[in-house]
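Presented below is the structure to which this report refers.
Derivation of every value follows stated rules applied to the coordinates shown; laboratory data play no part. Only a predicted model underlies this, so the values are computations on that prediction, with no experimental measurement involved. All Cβ positions, even for glycine, are placed from backbone atoms using ideal geometry, and neighbour counts span all protein chains on display.
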Ligand SMILES: NC(=O)c1ccc[n+]([C@@H]2O[C@H](COP(=O)([O-])OP(=O)(O)OC[C@H]3O[C@@H](n4cnc5c(N)ncnc54)[C@H](O)[C@@H]3O)[C@@H](O)[C@H]2O)c1
């Protein structure tokens, strides 16, 4: 059983405490990964040993991407809350040959599986559980001296973001390499376009629109033979404490592009949102199915405020759109995976061969580890995740929310204790009312 508050306190005590709110600055004893020395960057041998924490679709995919990225990489440890997910992950990876064979002693199951992986022989860990667990796992990975592939989003509330930022500072101190799963930053067409945009190809950016509009994703009906905890974690997309809601879980990619292009974080926002289609709490937990956010960014050089409209929808039968559109004083840019175009005074379109950004992430991570070149994308992904949380909070409550309010928000959505047992049904947010209405503490079984 792992107590979230003790973990947060430990995180704060380890470093960057001065930058944290006072309630995070108390010290408390809690073990990090057993046997894991507070090491600097892991010593590399001839091969790159990779551990996977969270062996679902993305963890399995990222492990395969890592093997493709480096012929000297090997998967050496896996951990998941559920044994069946490890079995299916290893079933898939097994097709890739002996580099994906994991000894039974290095397979870990349960809420403390991450500690087993961190104590096993590995240099890099892939963190790919539902994002609610990411702050805990990232902090422990950094404290164990591991390089990290950090899937997005990286937290679901301000409390988690502060823990990620504190761990990011410790990763810098220890010269650990961290690459995030915001793969647009590793896609050739995006990289070329953003370089041109930041070089002035569309002049000063005055506004942008970013979209992730689509139909519904998978969902899993609860099994009455399972505990609430198991049912919620298996259906994690629909519970804010696990996914952050779809604006955080999915739309963070597009908000990240806005932050990247504008080289800034939003200062405040207003938002609307709700649930019209996915209303059954049994299947769809407590999250919304649509959001629209008006983000205000720091002013342009002429002092005029800049705005980014963000729209995210998961409703079947509606128009799909996943892209970023940036308007500047001298032109416009349209970006989406595999497509990048600039119109206006210096027109340009990406015509080169695009790469596989999911593999490139690991090429870049492994390259940084091998060469000792610092890379730490925990900062940028934490900021993009916080922007998405800020938009969500504005939509959930109906309040205008500033960056500082989002960052310093004491909301802690995580259950007090991690164990298989009952959980309360989370309240569906209602604009005009505070959310969450009360601390989410599971009843004793
Ligand atoms: N970058 C991308 O394009 C992209 C695409 C898909 C998913 N993702 C992200 O990857 C992460 C995982 O998504 P997914 O689609 O693989 O989900 P998934 O449900 O397929 O996998 C999640 C896995 O984590 C396991 N898990 C849950 N809690 C755990 C815990 N406390 N300890 C260990 N294991 C635990 C689950 O059992 C499951 O096997 C999410 O953050 C998601 O947003 C990113």
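Could you tell me whether the stretch 275-412 comes out rounded, prolate or oblate from its Cα gyration tensor? Rule is a ≥ b ≥ c as square roots of the eigenvalues, rounded for a/c under 1.5, then prolate if a/b exceeds b/c, otherwise oblate.
The shape class here is rounded.
With a ≥ b ≥ c the root eigenvalues of the C-alpha gyration tensor of the stretch 362-439, is it rounded (a/c under 1.5), prolate (a/b larger than b/c) or oblate?
Values: a/c = 3.46, a/b = 1.71, b/c = 2.02.
Oblate is the answer for the stretch 362-439, as a/c is 1.5 or above yet b/c matches or exceeds a/b.
Rounded to the nearest 5, what is the percent of antiparallel bridges among the DSSP beta bridges in the chain?
The answer is about 55 percent antiparallel.
Just to confirm my numbers, what's the Cα centroid distance between the stretch 218-262 and the stretch 337-410 in Å?
Cα centroid to Cα centroid, the span is 18 Å.
When the chain is fully extended, how far beyond the present Cα-Cα distance does residue 304 get from residue 353, taking 0.36 nm per residue of separation?
Contour length minus Cα-Cα distance gives 13.9 nm.
Estimate the FRET efficiency between residue 225 and residue 277 by the formula 1/(1 + (r/R0)^6), using the beta-carbon distance for r and 35 Å for R0, to the nearest 0.05.
For R0 = 35 Å, the calculated efficiency reads 0.75.
Express the Stokes-Einstein translational diffusion coefficient of the stretch 167-246 in µm² s⁻¹, to the nearest whole number, given a Kirkwood radius over alpha-carbon pairs, 20 °C and a viscosity of 1.002 mPa s.
124
Counting other beta carbons within 10 Å of each residue's own, what order do 179, 102 fall into, fewest first?
In order of increasing Cβ crowding within 10 Å: 102, 179.
Anyone know which of 49, 162, 392 comes out most mobile in the 10 Å Cα GNM of the chain?
49
Which order results if 230, 361 are arranged by neighbouring Cβ count within 10 Å, fewest first?
Ranked by crowding around the Cβ, least crowded first: 230, 361.
Once you wrap a convex hull around the alpha carbon atoms of the stretch 253-294, what is its projected area averaged over all directions, in nm²?
On the way: hull surface 15.1 nm².
Reported value for the Cα convex hull: 3.8 nm².
From the P(r) of the stretch 89-217, can you give the percent of Cα pairs sitting at distances over 25 Å? Don't jump to the answer; show the numbers that get you there.
Working: 3591 of 8256 pairs.
Percent of Cα pairs beyond 25 Å in the stretch 89-217: 43.
In a Gaussian network model over the chain where Cα atoms closer than 10 Å are linked, find which of 275, 416, 301 has the largest mean-square fluctuation.
301
Express in nm, to one decimal, how much length is gained between residue 103 and residue 427 on full extension, taking 0.36 nm for each residue of separation and deducting their alpha carbon distance.
112.4 nm
For n ≥ 4 DSSP H runs only, could you compute -39500 (n - 2.57) per run for the chain, divide by its residues and tell me the 222 nm figure to the nearest 500?
Rounded to the nearest 500, it is -10000 deg cm²/dmol.
In nanometres, what is the gap between the two model label sites at residue 95 and residue 83, each 7 Å from Cα along Cα-to-Cβ?
Inter-label distance under the simple model: 2.5 nm.
Can you grab the distance from the C-alpha centre of the stretch 41-111 to the C-alpha centre of the stretch 130-197, Å, no decimals?
After rounding, the separation between the Cα centres reads 19 Å.
Please find, in a Gaussian network model of the chain (springs between Cα atoms separated by less than 10 Å), the residue of 322, 156, 381 whose mean-square fluctuation is greatest.
Greatest mean-square fluctuation among the candidates belongs to 322.
By the gyration tensor of its Cα atoms, with a ≥ b ≥ c the square roots of the eigenvalues, what is the shape of the stretch 313-368: rounded for a/c under 1.5, prolate for a/b over b/c, or oblate?
oblate
Treating only the Cα positions of the chain as identical point scatterers, give the base-10 log of I(q)/I(0) from the Debye formula at each q in 0.06, 0.09, 0.14 Å⁻¹.
With no solvent term, the Cα-only Debye profile gives -0.24, -0.55, -1.41.
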